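So the structure is just underneath, and the comments pick up after that.
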Amino acid sequence: MGQSLITAIRDNTGSSRSRFNKKWAKTIPFLLMFPALAVMGLFALFPVINAFRLSLFDKQLLNPGETFVGLDHYSQLFANGEFINALKVSVIYVAGSVALQFLVGLALAALLSAQGVKGKRFFRTAFIVPYTLSELVVSLIWLQMLDTEFGIINYFATLLGADPQNWLFDFALPAVIVANVWWGSTFSLLMLESAMQGIPKELYEAAEVDGCTSWGKFIHITLPSIRYVSLLNMIMITLYTINSFGIIFVLTAGGPLGSTDVIGMFMWRSAFQFMDLGLGATISTLIFVVNILITLVYIRLFGLNTLKEGA
Amino acid sequence: MTNRKKSLGIYILMSAAAIVIAFPVLWMFVMSVKPADELYRFPPTILPDKWEFANYTKALFEAGIDNGLINSLILAVGTLALSVTLSFPAAYALAKYEFKGKTILLLAILATQLIPGMAAIVPLFDILQRMHLVNTYSGLILIYTARTLPLNIWILKGFFQSIPNELIESSMVDGSSKIASLYRVALPLALPGIGAAAMFTFMQTWIDFILPLTMLFNEDKFPFSVMLYKFVGDPIMGTNYGVLFAAAALGTIPTLLIFALLQRFFVQGLTAGGVKG
């Protein structure tokens, strides 16, 4: 077998000697892809199935035993006030983060794409820097900056004549949204800027001849030209934000009083703090379903090709 | 004249944005050289009265962040090696062979990018536990590899497609096979793509936090991010923010450097794969 595979590979280029070898040659691309597909299958795709399977069982974190409980976890969840709270908090957190990340990214991309501006490379570098930081380092920096007694943000607040605030207590949700937006806007900036670079210059020149203002050009040329990339970008940051909770984990751990308890945080706590792997998997499954629904709505609205082109 | 005014306005806006965006990072470096007592002063000093560079040596050798940095390096380089090795032949197959279901497969690979990493943490823990890979680097490296493969395949496929078929075919005239030409012709030409893929894989693995926090139990295995997180609550380390931020800065310098040196790849890769986090 091994020998015939080698001959098949050698003969792949031209006139194959036998039908057997030709068949082998057809399998070459699959052999080349197999290791990568196997790893993705087991550690990226299978977890989705495994989440659903686990959600039907009562399973503790470090205990090998599991008992079948059917859909109990699902009914248990929707009767749980903390879970309902997490859903509400997530909606605000995701909507706020996505809207702000997109708008900040769009504004920065528009500035960088402005005609005749020099030093773009310098400014772009400054804008991208947050993205090179670990989620944990981002959180630590903001933890210190937002500190009630010694934080620099309260210092700036007093300079502006405002009273120092206990940001992570009284404004916990806006504070974590700001930290998240600071970290994440880079992604929108880069995607939108590269989309803007693809707009033909002639469009702007023609508009200029017609006496169009900069704002008019932005509204009538730039925005319509980047609408598909914009939507793809929004989908991606939505999916990402629904699942991410690293910054909240460090800054507030979901508190105070559940005001920043997003769904991911709730899931992590259920599975790894309260050791209820089955319940945690149920929340995973629900998050997967929401993600798939969002993606399907997007594909339905804009077609598969957009997804291909946009990526 | 109006054009001049307009671009002046743009410069002012861009400078303001750059200052606001870069400030927290600069502030981390400022805090990393402040003595402990100066960090508990209000109003805070914008530049330290006394520059305490000893914070860095303390972070490295007394707090043991050197161990964390080495662990992060093992994880990142391990993932990079495995992910690039596996994505290379797969990308070549997708770029240079025709077969049934190729479009579906490409879309499926792209779709795995949309599977949220964090939500998978619970079922992944169960999978690792069954494979006896909890609390091991192998388990983490396999997960990171699965996460970085789609983007790497996508980037490399683009590079292979840009290599003309004639070039590959001409190298096969002397009897060598398509596979051999993969290494003789395609590999050197795809090096920029491999560089971009490698850089991305490294960065994504280096900056991760929740996954190793969940999957690793032994302190001596923690990457720098998890180690730092544990410091925050530590009665001795947690109170000396100067050392804490020196450690954070040490963990940030590698990714900052990579980014500064390879910015072009970074932007290309990020926009090509639309990857995040």
Row for the range B:1-50, column shape: gyration tensor on C-alpha, a ≥ b ≥ c, rounded if a/c < 1.5 i.e. under 1.5, prolate if a/b over b/c, else oblate; value prolate
Given a Förster distance of 30 Å, report the FRET efficiency between residue A:257 and residue B:230 from their Cβ-Cβ distance, rounded to the nearest 0.05.
0.70
For the protein assembly as shown, alpha-carbon Rg over 2.2 N^0.38 Å
1.03
In square nanometres, what is the average projected area of the Cα convex hull of the range B:2-156?
17.6
Scattering profile of the range A:163-275 from the Debye formula, Cα beads only, expressed as log10 I(q)/I(0) at q = 0.13, 0.22 Å⁻¹, is -0.68, -1.13
Could you calculate the FRET efficiency of residue A:120 with residue A:275 from 1/(1 + (r/R0)^6), where r is the beta carbon distance between them and R0 is 51 Å, rounded to 0.05?
0.50
Relative to a virtual label point 7 Å from the Cα of residue A:42 in the Cα→beta-carbon direction, which members of the range B:57-101 show backbone nitrogen distances below 18 Å?
B:78-88, B:90
Against the longest principal axis of chain B, how steep is helix B:241-261, in degrees 0 to 90 to the nearest 10, with axes from Cα atoms?
30
Shape of chain A from its Cα gyration tensor (a ≥ b ≥ c, root eigenvalues): rounded if a/c is under 1.5, otherwise prolate when a/b > b/c, or oblate?
oblate
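How shielded is B:213-222 by partner chains, expressed as the average number of their Cβ atoms within 10 Å of its Cβ atoms?
Working: counts 5, 3, 1, 0, 0, 0, 0, 0, 0, 0.
That works out to 1 on average.
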Which is the longest stretch in chain B that no exposed loop site breaks, taking sites as trypsin sites (Lys or Arg not before Pro) with a DSSP loop state and at most 13 other Cβ atoms within 10 Å?
B:101-277
Relative to the longest principal axis of chain B, what angle (0 to 90°, nearest 10) does the C-alpha long axis of helix B:65-96 take?
20
Restricting things to alpha carbons, tell me how big chain B is in terms of Rg and Dmax, in Å.
23.2, 76
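Within chain A, what is the longest stretch that has no chymotrypsin sites (Phe, Trp or Tyr not before Pro) placed in a DSSP loop and near at most 15 other beta-carbon atoms within 10 Å?
Working: sites that count: A:171, A:274.
The reported range is A:1-170.
With helices defined as uninterrupted DSSP H runs, which ones in chain A have an alpha carbon span along their own long axis of at least 30 Å and mean Kyte-Doolittle hydropathy of at least 1.0?
Details: long enough: A:19-40 (32 Å, 0.60); A:81-113 (47 Å, 1.63); A:172-197 (38 Å, 1.10); A:277-302 (37 Å, 2.01).
Span-like helices in chain A: A:81-113, A:172-197, A:277-302.
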Stretchable slack from residue B:41 to residue B:191, in nm (0.36 nm times residue separation minus alpha-carbon distance):
48.9 nm
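What FRET efficiency comes out for the pair residue A:91/residue B:167, r = Cβ-Cβ distance, R0 = 41 Å, nearest 0.05? Please list the in-between numbers first.
Details: r = 53 Å, r/R0 = 1.29.
The value I calculate is 0.20.
Between residue A:163 and residue A:206, what length comes free when the chain is fully extended (0.36 nm per residue of separation minus the Cα-Cα distance, one decimal in nm)? Working shown, then result.
Working: separation 43, 0.36 × 43 = 15.48 nm, distance 5.17 nm.
Extending this stretch completely gives an extra 10.3 nm.
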So how tilted is helix B:137-161 from the main axis of chain B? Cα-based, degrees 0 to 90, rounded to 10.
50
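Using only DSSP helix segments of four residues or longer, with each worth -39500 (n - 2.57), what per-residue ellipticity at 222 nm results for chain A after dividing by its residue count and rounding to 500? Kindly include the intermediate steps, with their values, before the conclusion.
On the way: 17 runs with 215 residues, N = 311.
Dividing the helical sum by the residues of chain A leaves -22000 deg cm²/dmol.
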With each label point set 7 Å from Cα along the Cα-Cβ vector, what nm distance links residue A:52 and residue B:19?
5.4
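Report the rotationally averaged projected area of the range A:72-168 based on its alpha-carbon convex hull, in square nanometres. Don't skip to the end; give the middle numbers.
On the way: hull surface 41.0 nm².
Computing the convex hull of the Cα atoms and averaging its projections yields 10.3 nm².
Please give the length that would be gained between residue A:199 and residue A:293 if that part of the chain were fully extended, namely 0.36 nm times their separation in residues minus their C-alpha to C-alpha distance (nm, one decimal). Please report the intermediate quantities before stating the final value.
Working: separation 94, 0.36 × 94 = 33.84 nm, distance 3.13 nm.
Taking residue A:199 through residue A:293 to full extension adds about 30.7 nm, to one decimal.
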Within 10 Å, at most 11 other Cβ atoms, and a DSSP state outside H, G, I, E, B define an exposed site. Report the longest part of chain A free of exposed trypsin sites (Lys or Arg not before Pro).
A:119-311
For residue A:82 paired with residue B:12, estimate the spin-label separation in nm (one decimal), with each label point 7 Å from Cα along the Cα-to-Cβ line.
5.2
Per DSSP helix of 4 or more residues, -39500 (n - 2.57); summed, then divided by the residues of chain B. What does that give at 222 nm, rounded to the nearest 500?
-22000 deg cm²/dmol
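The numbers here are math on the coordinates, done by the rules we state, and not lab data. Fair warning: this is a prediction, and the values are worked out from it, not measured in the lab. Cβ: placed from backbone, ideal geometry, glycine included. Neighbour counts: every protein chain shown.
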